[in-house]
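Below is one structure, written out as C-alpha cells, with a few remarks after it.
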Amino acid sequence: LDLIRGKWVVISTDFALKPADFPINRNGSYISNNRFCPFCEGREEHTTPEVAACRAQDSLPNSPGWDIRAVPSKYTAFKLEGQLHSCETGLLKSCSGPGQHEVIIETPCHDQELHQFSDDRMEKILTLIRQRYLQLAEDERIKYIQVYKNRGLFSGASLEHSHSQIIGIPVVPNNTPGLTKYYSENNKCLICSIIEEEKAAKQRIVYESLYFLIICPYASRFSYESWIIPKEHAEHFSDITDAQLKDLAHISIKFLKAMVDSLDNPSYNMGVNNAPVNILYEKGYHWYIEITPRLMVTNGLELATGLYINPAAPELAASIFREAMGL
Ligand SMILES: [Zn+2]
Ligand SMILES: [Zn+2]
C-alpha cells in the first residue's frame, strides 16, 4: 500500500525482470519484433492450457483449429490460491494477491489487428469476454474485474499479436470515486446524466447507435481520448444483451478503424470500467469503455501531480473522428 497516495501497487515477485528483459530498449523501439510469438496458431503448447475457446467442432483444446482462445497469463502477479491475507510491519502494509489474470488471444493470425477484424470476429471476442467475466465473478475472492487491451509500444504491450486481457483482483481499485459520490448527492447516475447533457450539447459526440454513444469526454486527460457508453444503465459489462453486443461489435470496429487511420496508427489502450463484484458497494456505477490513444509519454508534471495537460480539445477530437467515420 502506497501510504502517501493511498493506492495499492502490485509487485510481481515470481518474475523479476532484469534490465535487459524489458520490452522497450533505450532507443524507444521494440526489441521483441522478431521474438518467438507464443500466440500464433500451432504454438498452443507455449501458452498455459486454455480455459475457453471458439474453435472448430472437430478440434481438440490446446491444438490448432481455433478462432479465439482464453488462456491464463503466464506472467502475472495474481494466482487464484488461498484467501486474502494482509500483513503489517511498521509502516509496511501488504496483502496477498488471490486473483486471476487471463489473456484473450483474439486471432490465430499474427498480423491481423483488432481494427481490421470483421464484425463477426469482434462479436465472438465480446461474447467470450462476457463468458469469462461471469465465470470470474463466481469466485468470492475476486472483488473487481477489469477488461483491457494494450496495443503498440507506448501502450505497454509486450507482445504484438492482437490480444486483450481480463483480470479479477481481490481489492477494489476505487479509481472512479466521482460515480458513487454523484449518486449519493443527486440520487441519479452520473454517466446517465453525462449522456443526457452530451446529447443536448452535441459537440463532443462522435457517434450514436441504437444502444451506444461514443463521445470525447469533456475532461479528457489524453488527446483524442474517447468513451463508448451503453445508453441503458447497467453496472457490469456482463449485463450486455446479445443485441447490444452485436451493436457494440459493429460500432467499435467502425470507430477503431477511423481512430487508427486519423491518428496515423497510434499505440492505444482500451479499458472497460465496471462496478465491483462480491462486495457491498455504493450505487452509481455504470459500465463504459475508455479508449486512450498514447500519443505522448506521461511527463513529469503529470506523474507528480496527476494534473494532465491535453493539447487537443475534445470538441476538436470529436469533429476529427466524425469526419474520419464519414459522418
Ligand atoms: Zn503471433
Ligand atoms: Zn447510468
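Values quoted throughout were computed directly from the atomic coordinates according to the rules given, and no laboratory measurement underlies them. A quick note: this is a predicted structure, and the numbers were derived from the prediction, not measured. Because the Cβ atoms are built from the backbone with ideal geometry, glycine has one as well, and the counts that use them run over all protein chains shown.
Here are a few things to note about the model shown:
- Ser96-Tyr218 pseudo-label distance in nm [points 7 Å out on the Cα-to-Cβ vector]: 4.5
- Taking a Cβ cut-off of under 14 Å around Ser63, the surrounding Lys, Arg, Asp and Glu residues balance to a net charge of -3, with basic ones at +1 and acidic ones at -1.
- Given charges at beta-carbon only (K, R positive; D, E negative), |dipole| of the chain in Debye: 660
- Magnitude of the charge dipole, the range 168-298, Cβ model with Lys/Arg +1 and Asp/Glu -1, debye to 20: 180
- Around Pro230: net Lys/Arg minus Asp/Glu count, Cβ-Cβ under 11 Å: -3
- The Cα atoms of the range 254-308 give a gyration tensor whose axes a ≥ b ≥ c have a/c of 1.5 or more with a/b no greater than b/c, which makes the shape oblate.
- Modelled label positions at Val51 and Leu17, each set 7 Å beyond Cα in the direction of Cβ, lie 2.2 nm from each other.
- FRET efficiency, Leu134 to His233 (Cβ-Cβ, R0 22 Å, nearest 0.05): 0.70
- Annotation for the range 226-317: GluC sites (Glu not before Pro) lying in DSSP loop with at most 14 further Cβ atoms inside 10 Å of their Cβ are Glu232, Glu282.
- Normalised by the number of residues in the chain, the mean separation of alpha-carbon contacts (under 8 Å, six or more apart) gives a relative contact order of 17 percent.
- Put a dot 7 Å past the Cα of Ala201, heading toward its Cβ, do the same for Ala304, and the two dots end up 3.0 nm apart.
- Charge dipole of the chain about the Cα centre (unit charges at C-beta), most positive-ward option of Leu245, Ile309, Val172: Ile309
- Evaluated over the chain, the Cα radius of gyration and Dmax, each in Å: 20.0, 60
- Cα-based Rg and Dmax for the range 205-291, where Dmax is the largest Cα-Cα distance (Å): 13.7, 44
- Residue exposure sequence - Lys124, Lys7, Lys143 - by fewest surrounding Cβ within 10 Å: Lys7, Lys124, Lys143
- When you restrict to C-alpha pairs under 8 Å that are six or more residues apart and normalise by the size of the range 95-205, the relative contact order lands at 32 percent.
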